[in-house]
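Note sheet for the following structure.
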Amino acid sequence: MSGAGNAPHAAIVGGGWAGFAAALTLAQAGWRIRLHEAAREPGGRARGMDLETPQGRLRVDNGQHILIGAYTESLRLMRAVGVDPGQALHRQPMALPYADGSGLRFPDWPAPFDALAGIATARGWSMAERLALLARAARWRLTGFRCAPETTVAILCAGLPRRLLDEFIDPLCISALNTPMEQASATVFLRVLRDALFSGRGGSHFLVPRQDLGSLFPIPAAQWLAQRGHCIELGSRITELQPQGPQWMLDGDERFEAVLLACPAAEASRLALAASSHPSLPAREGVALQAWAKQAEALPHRPIATVYAQTADASHALPPGQPWLALRCAPEAPAQFVFDRGQLGGPQGLMAFVISDSAAPRARLQAQVLAQAQEQLGWHGLTALRTVIDKRATFSCLPLLHRPGLSLGHGLWACGDYLQGPYPATIEGAVRSGIQAAQAIAAAHRA
Ligand SMILES: Cc1cc2nc3c(=O)[nH]c(=O)nc-3n(C[C@H](O)[C@H](O)[C@H](O)COP(=O)(O)OP(=O)(O)OC[C@H]3O[C@@H](n4cnc5c(N)ncnc54)[C@H](O)[C@@H]3O)c2cc1C
């Protein structure tokens with residue numbers, strides 16, 4: 001199968017979760033794969049990195065991530081490359097607990113009874129608030145979790161008590177869509193809720209990595225492919241695509257039946273635009289490539305920051321069995337969540353503070369987060385180890401957003417979290433896009 005001289009040959013540009021999901025799917029369909037990743041480590045926006053600490057070098061992530069049980073394709077592909085999600089991920093029923101004990105905690109019951117019981121027993125919410133959320137959830141269920149495409153999450157949730165918006169809707173919206181509820185697409189929000197709450201038992205569970213993101217899938221996927229004779233080139237940035245009749249060449253190298261752009265939107269746009277003016281490309285295809293590139297380039301993006309910090313005192317830890325807490329967020333207190341890495345396979349006292357849609361410069365953000373931890377958690381003497389900011393962490397998940405499609409023309413395809421699809425920019429969105437592109441490539445080749 002793989003390595004066979006007559007097998008169709010695909011090049012994949014980008015070794016994030018989407019690129020490796022596509023590579024694996026195509027390899028399983030009998031294709032030969034050459035994957036180019038610009039960085040020296042695979043994983044893209046969900047990868048491991050080294051963190052220097054006074055105690056030595058630690059392995060952490062480029063940003064704290066959280067998955068949910070409904071990420072079925074990501075979990076399936078992890079298993080396919082020999083990763084046991086039961087070991088690699090800490091699984092716990094959905095919970096948005098605050099330091100004062102208030103907030104939501106779902107019991108480990110079958111869906112949707114876990115959500116019903118979680119809402120009915122939420123601590124710190126009045127009976128009227130709980131009933132309001134239950135009634136609204138019932139209405140969403142009755143309407144099939146659909147709404148008019150121009151609706152924002154704020155409009156969808158208009159009329160709900162302020163506390164529910166502040167303690168449930170907004171934290172959920174910002175962590176799932178990385179877009180504030182006043183601007184976020186209600187269609188995508190409802191889709192995430194539907195899949196989390198109704199995709200079966202455990203769909204709403206939170207899954208938090210216990211090992212670095214690279215070792216969850218991209219690194220074992222690269223090994224899996226290499227062991228089967230496929231070619232994985234790290235530290236290899238593609239600068240040019242050239243059409244060669246029905247085939248494509250990368251940087252003047254060998255020819256491929258299909259090229260899949262699995263790099264971020266801006267880079268895919270740059271490569272597509274440059275290829276669009278190649279003299280051997282029919283004019284009609286050049287125009288289509290330009291239109292695709294324009295759409296990809298126009299996507300608005302939003303940042304996410306993670307502040308890694310070390311506590312000064314062993315008593316400064318989250319309650320055992322609860323490795324994350326929701327934080328009360330305000331302009332001067334920007335972190336939405338804190339994760340106790342000591343409970344997640346890391347060293348005692350290592351904390352990861354997550355600031356979704358962060359806008360402040362690094363130094364200010366870091367100082368604000370330390371002050372927030374002191375005020376809300378009582379942690380004095382916390383030391384910031386590193387603040388990682390990704391300014392283009394996700395696309396802005398707005399209503400009526402035009403996301404580009406996966407086909408760019410004959411033999412040229414794209415995949416990634418930003419392409420047309422039901423999900424916001426997430427690991428599962430990237431993986432599903434990679435699988436979908438691979439299936440489309442294989443089907444087009446057979447046709
Ligand atoms: C800080 C942060 C926190 C996040 N939190 C969550 C979360 O909690 N849950 C969740 O589900 N998602 C989260 N996300 C989003 C998630 O990480 C992304 O949706 C997903 O990783 C995107 O994968 P991808 O393969 O589509 O793109 P990418 O990961 O961007 O992969 C593209 C790859 O292409 C490579 N590349 C670029 N140009 C070239 C070139 N010319 N030649 C070769 N290679 C090239 C890049 O180096 C990169 O490795 C978060 C993202 C960030 C940054």
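The values are calculated or read from the model by the stated rules, or taken from the named source; none is laboratory data. Please read these numbers as outputs of a predicted model, since none were measured by experiment. No Cβ is skipped: glycine too gets one built from the backbone with ideal geometry, and neighbour counts run over all protein chains shown. For the accessible areas, the whole protein counts, side chains as well, though only heavy atoms, and no ligand, DNA or RNA atoms are used. Shrake-Rupley method; radii C 1.70, N 1.55, O 1.52, S 1.80 Å.
Pairs meeting the criteria (first residue in the range 65-87 and in contact (Cβ under 8 Å) with a residue 12 or more places away in the chain and open to solvent by 20 Å² or more (accessible area, probe 1.4 Å), second residue among the acidic types (Asp, Glu) and assigned to a helix (DSSP H, G or I), beta carbons under 7 Å, at least 6 apart or on different chains) are Tyr71/Glu428; Glu73/Glu428.
For Gly411, the test of being away from the ligand (no atom under 13 Å from the Cβ), buried (at least 21 other Cβ atoms within 10 Å of the Cβ) and closer than 28 Å to Leu250 by Cα is passed. When restricted to residues that are open to solvent by 10 Å² or more (accessible area, probe 1.4 Å), of a type outside the set (Phe, Trp, Tyr) and not in a strand (DSSP E or B), the range 199-234 contains 17. Residue count for the range 265-277 satisfying the condition of being open to solvent by 70 Å² or more (accessible area, probe 1.4 Å) and within 9 Å of the ligand (Cβ to nearest atom): 1.
Residues that are near the ligand (Cβ under 10 Å from one of its atoms) and of a type outside the set (Gly, Ala, Ser) within the range 414-431 comprise Cys415, Asp417, Tyr418, Leu419, Tyr423, Pro424, Thr426, Ile427, Glu428, Val431, listed in sequence order. Condition test on Ala196, is it surrounded by 20 or more Cβ atoms within 10 Å (Cβ to Cβ), of a type in the set (Gly, Ala, Ser) and under 16 Å from the mean Cα position of the chain (by Cα)? Judged against the criteria, Ala196 is a match. Candidates are the residues of the range 18-31 that are open to solvent by 10 Å² or more (accessible area, probe 1.4 Å) and assigned to a helix (DSSP H, G or I); the one that is nearest to the ligand (Cβ to nearest atom) is Thr25.
The rows are residues; the columns are (1) part of a loop (DSSP other than H, G, I, E, B); (2) within 14 Å of the ligand (Cβ to nearest atom); (3) open to solvent by 50 Å² or more (accessible area, probe 1.4 Å).
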residue	(1), (2), (3)
Ser236	yes, yes, no
Cys263	yes, yes, no
Pro279	yes, no, yes
Arg284	no, no, yes
Tyr308	no, yes, no
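Scanning the range 341-349 for any residue that is under 22 Å from Asn178 (Cα atoms), open to solvent by 10 Å² or more (accessible area, probe 1.4 Å) and touching a helix residue (DSSP H, G or I) at 6+ places or on another chain (Cβ under 8 Å) turns up nothing.
Say whether the condition of being closer than 16 Å to Ala309 by Cβ, touching a strand residue (DSSP E or B) at 6+ places or on another chain (Cβ under 7 Å) and of a type outside the set (Asp, Glu) is met by at least one residue in the range 425-433. There is no residue in the range 425-433 that is closer than 16 Å to Ala309 by Cβ, touching a strand residue (DSSP E or B) at 6+ places or on another chain (Cβ under 7 Å) and of a type outside the set (Asp, Glu). Criterion first (surrounded by fewer than 17 Cβ atoms within 10 Å (Cβ to Cβ), more than 25 Å from the chain's Cα centre (by Cα) and either in contact (Cβ under 8 Å) with a residue 12 or more places away in the chain or outside any helix (DSSP H, G or I) (or both)) does Arg163 satisfy it? Judged against the criteria, Arg163 is a match. Kindly indicate whether any position in the range 220-243 is within 30 Å of Ala330 (Cβ to Cβ) and touching a Gly at 6+ places or on another chain (Cβ under 7 Å). Within the range 220-243 (the criterion being within 30 Å of Ala330 (Cβ to Cβ) and touching a Gly at 6+ places or on another chain (Cβ under 7 Å)), the answer is no, since none of the residues qualifies.
Matching residues to (1) assigned to a helix (DSSP H, G or I); (2) under 27 Å from Ser396 (Cβ atoms); (3) of a type outside the set (Lys, Arg):
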site: Gln64; (1), (2), (3): no, yes, yes
site: Gly82; (1), (2), (3): no, no, yes
site: Gln87; (1), (2), (3): yes, no, yes
site: Arg91; (1), (2), (3): no, no, no
site: Leu96; (1), (2), (3): no, yes, yes
site: Trp109; (1), (2), (3): no, no, yes
site: Leu116; (1), (2), (3): yes, no, yes
site: Ala137; (1), (2), (3): yes, yes, yes
site: Arg146; (1), (2), (3): no, yes, no
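Of everything listed in (1) of a type in the set (S, T, N, Q); (2) farther than 21 Å from Ala326 by Cβ; (3) open to solvent by less than 30 Å² (accessible area, probe 1.4 Å), the single unmet condition for Ser102 is (2). With respect to being in contact (Cβ under 8 Å) with a residue 24 or more places away in the chain, surrounded by fewer than 17 Cβ atoms within 10 Å (Cβ to Cβ) and of a type in the set (Asp, Glu), Glu41 falls outside the description.
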